[in-house]
1. From the list PHE103, PHE88, PHE110, exactly one residue is in contact with a Gly (Cβ under 8 Å, 6 or more places away or on another chain), more than 16 Å from ligand 2 (Cβ to nearest atom) and at pLDDT 95 or above. Which is it?
2. LYS126 fails exactly one of the following numbered conditions: (1) surrounded by fewer than 24 Cβ atoms within 10 Å (Cβ to Cβ); (2) touching a residue at least 60 places away in the same chain (Cβ under 8 Å). What is the number of that condition?
3. Under the condition of being among the hydroxyl-bearing types (Ser, Thr, Tyr) and more than 16 Å from ligand 2 (Cβ to nearest atom), which residue from the stretch 151-196 is nearest to ALA135 (Cα to Cα)?
4. Show the residue pairs that are 6+ apart or on different chains and have beta-carbon atoms under 7 Å apart, the first residue being within the stretch 278-289 and outside any helix (DSSP H, G or I) and modelled with pLDDT under 95, the second being surrounded by 24 or more Cβ atoms within 10 Å (Cβ to Cβ) and hydrophobic (A, V, I, L, M, F, W, C).
5. Please go through the stretch 36-60 and give me each residue that is over 26 Å from the mean Cα position of the chain (by Cα) and surrounded by 14 or more Cβ atoms within 10 Å (Cβ to Cβ), ordered by number.
6. Could you pull out the residue among LEU33, LEU74 that is assigned to a helix (DSSP H, G or I), of a type in the set (A, V, I, L, M, F, W, C), touching a helix residue (DSSP H, G or I) at 6+ places or on another chain (Cβ under 8 Å) and surrounded by 20 or more Cβ atoms within 10 Å (Cβ to Cβ)?
7. Report, ordered by the first and then the second residue, all pairs with beta carbons closer than 7 Å, sequence separation of six or more or different chains, a first member in the stretch 341-365 that is modelled with pLDDT of 95 or more, and a second member that is not in a helix (DSSP H, G or I).
8. Which of the residues spanning the stretch 199-213 are in contact with a Phe, Trp or Tyr (Cβ under 9 Å, 6 or more places away or on another chain) and either more than 12 Å from ligand 1 (Cβ to nearest atom) or free of Cβ contacts under 8 Å to residues at least 40 places away in the same chain (or both)?
Amino acid sequence: MRHFQLYNPVRVLFGVNQIANIGRYIPSGVKVLVTYGGGSIKQNGVYDQVRDALKGFEWTEFGGIEPNPKYETLMKAVEIVRRDNIGFLLAVGGGSVMDGTKFIAAAACFEGEDPYTICTEGAEVKKAVPLGCVATLPATGSEMNAGAVISRLSTQEKFAFHSPLVFPRFSVLDPTVTLSLPPRQRANGVVDAFIHVTEQYLTYPADAKVQDRFAEGLLLTLIEEGANYVNKPDDIDTASNVVWAATMALNGLIAAGVPEDWATHQIGHEITALEGLDHAQTLALVWPGLHKVMRASKREKLLQFAERVWNLREDGEDKRIDEAIARTEAFFRSLGVGTRIADYPQMSAGFIDVIVERFRKRGTRLGERAEIDADTVRRILEDRK
Ligand code: NZQ
Ligand code: ZN
C-alpha cells in the first residue's frame, strides 16, 4: 500500500426526515442561497421540507441548474452570490446541482479573470463560500467528496476540479427522496457508482486488502440490489443500500493508498461534452472496450474481480477475464443502460475521430500507468461499434 492522507470532513445526515435537521449546521446570521435543478424538488415534496427546515433563516433561491451543469448557467448564480452577499449555499438535487454549487462556491470568491480556469488549468481555489447538500440522486458521490465536473457550452468542454474548500459541510441522505426518481436515473446511478469503484479497484495490485474487500463489497451490493432498485422504486431498504453504496464509492475511502484509473470517466466526459449522452451512459459505453483493450495491464485485478465479484473460478484465466467483462456488460444492459454505439443512434458518425484528436492535441495519457494514449482511446471506442 502506498502512503496516503485521508481527509473527509463531511457530516452525513442519513435517514428519513433528516432534512428537518439542517438548520443546526447552517451558520446563523448569514444569507442562504438554495440551488436546485429543473424542478423535480418542487414536485416530490423535497422543496417544501427544505423551506420548513429553513424557517428563521434569510434565504433566496436559484433554480435551473441543468444536468451536466453549465458554466454559463452557474455564473448567473455567482452574480447573485456576490450581489446579495450570500454566506451559505444549500444544494438540493443530484450530482449536477451539487457539482454546480461547488463551482458557484469557488467561482464567487475567485479573483482571476476566468473562473473556468479552475477546471481547465487547475487554477487554485483559495477561498469558497461554505455549502451543504440535500442529495436527491444516488450516483456521483458528490455529496461526500470535494470534486465537481463542470461543462462549458461555448467550447463544448467538460472538466473536473477538486478542492478541499468545496467539501460540503453536511449532506442529507434521505433514501425516501429517491422514490420519485425515474428508472433511467436509477439505472444511471447504479452504473455510475459501480464504475467509480472499478476506477479505484481494477488497476494493479497494491496489497491493499481492506480497500479491495471494501470495493468488492460495494460492487456486490450494487449487483445484488441494482435490479430491485430500478424495478421496485418503493423498496426503501433497497434504496437505502444503494444510496449508501454510491456515497461510499467515491468519498476517498477505497482510493486510499491504491492506484486509480479514471480513463473510463475521462473518455466519457468527452462523449457527454460532444454528444450530450448522460454521464453513466458514456461510462457503460466505454467500460467494456477499455477493459478488453487494457486486459494485459489489468490482468491480476481482473482475475481477482472475476473470482470475488462474479464467482468465476473454474475455466482458464483468459476465459475468466472474458466472462467477467461480459457479465459486467450484461449487468449494465440488464438495468437498461446501453453499452454499444448502436444503442445511441443520436450520436454523430465522426465522434470517435473528434475525441481522439482532442486527446492527441492535449497529449493526455490516461489510466493508472498513464499508458492510454490517443491511439489506445481509438481502439477502445472502435471496440464499441
Ligand atoms: O433537475 P431536476 O429537475 O432536479 O431533475 C434531475 C435531472 O433531470 C433528476 N432528479 C434528481 N433527483 C431526482 C430527480 N428526479 C426525480 N426525483 C429525484 N429525487 O435527475 C436528472 C439527472 O440529475 P443529475 O444531477 O444530472 O444526475 P447525476 O446525479 O447522475 O449527476 C450527473 C453529474 O455529476 C457528474 C457527472 O459528470 C454529471 O455532470 N459527476 C460528478 C462527480 C463528483 N462530483 O464526484 C463524479 C461523477 O463521476 C460524475 O462525473
Ligand atoms: Zn461518474
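1. Working: PHE103 fails: in contact with a Gly (Cβ under 8 Å, 6 or more places away or on another chain); PHE110 fails: in contact with a Gly (Cβ under 8 Å, 6 or more places away or on another chain).
On inspection, the qualifying residue turns out to be PHE88.
2. Evaluating LYS126 over (1) surrounded by fewer than 24 Cβ atoms within 10 Å (Cβ to Cβ); (2) touching a residue at least 60 places away in the same chain (Cβ under 8 Å) leaves (2) as the failure.
3. Filtering the stretch 151-196 down to residues among the hydroxyl-bearing types (Ser, Thr, Tyr) leaves 151, 154-155, 163, 171, 176, 178, 180.
Applying the additional criterion that residues be more than 16 Å from ligand 2 (Cβ to nearest atom) yields 154-155, 163, 171, 176, 178, 180.
On the way: SER154: 28, THR155: 29, SER163: 19, SER171: 7, THR176: 11, THR178: 9, SER180: 13 Å.
Here the residue is SER171.
4. Close Cβ pairs (under 7 Å, with a partner that is surrounded by 24 or more Cβ atoms within 10 Å (Cβ to Cβ) and hydrophobic (A, V, I, L, M, F, W, C)) do not exist here.
5. If we filter the stretch 36-60 for residues that are over 26 Å from the mean Cα position of the chain (by Cα), which is where we start, we get 48, 51-60.
Result: ALA53, LEU54, PHE57, TRP59.
6. Working: LEU33 fails: assigned to a helix (DSSP H, G or I).
Just one listed residue meets the conditions, LEU74.
7. Note: pairs meeting the criteria are ILE341/MET347; ILE341/ARG384; ILE341/LYS385; TYR344/LEU277; TYR344/GLY338; ARG365/GLU371; ARG365/ILE372; ARG365/ASP373.
8. Taking the stretch 199-213 as the starting set, the residues that turn out to be in contact with a Phe, Trp or Tyr (Cβ under 9 Å, 6 or more places away or on another chain) are 199-202, 211-212.
Those that are in contact with a Phe, Trp or Tyr (Cβ under 9 Å, 6 or more places away or on another chain) and either more than 12 Å from ligand 1 (Cβ to nearest atom) or free of Cβ contacts under 8 Å to residues at least 40 places away in the same chain (or both): TYR201, LEU202, GLN211, ASP212.
The values are calculated or read from the model by the stated rules, or taken from the named source; none is laboratory data. Owing to the predicted nature of the structure, the values given are computational and were not obtained by experimental measurement. Heads up, the Cβs are rebuilt from the backbone with ideal geometry, glycines too, and the neighbour counts pull from every protein chain shown.
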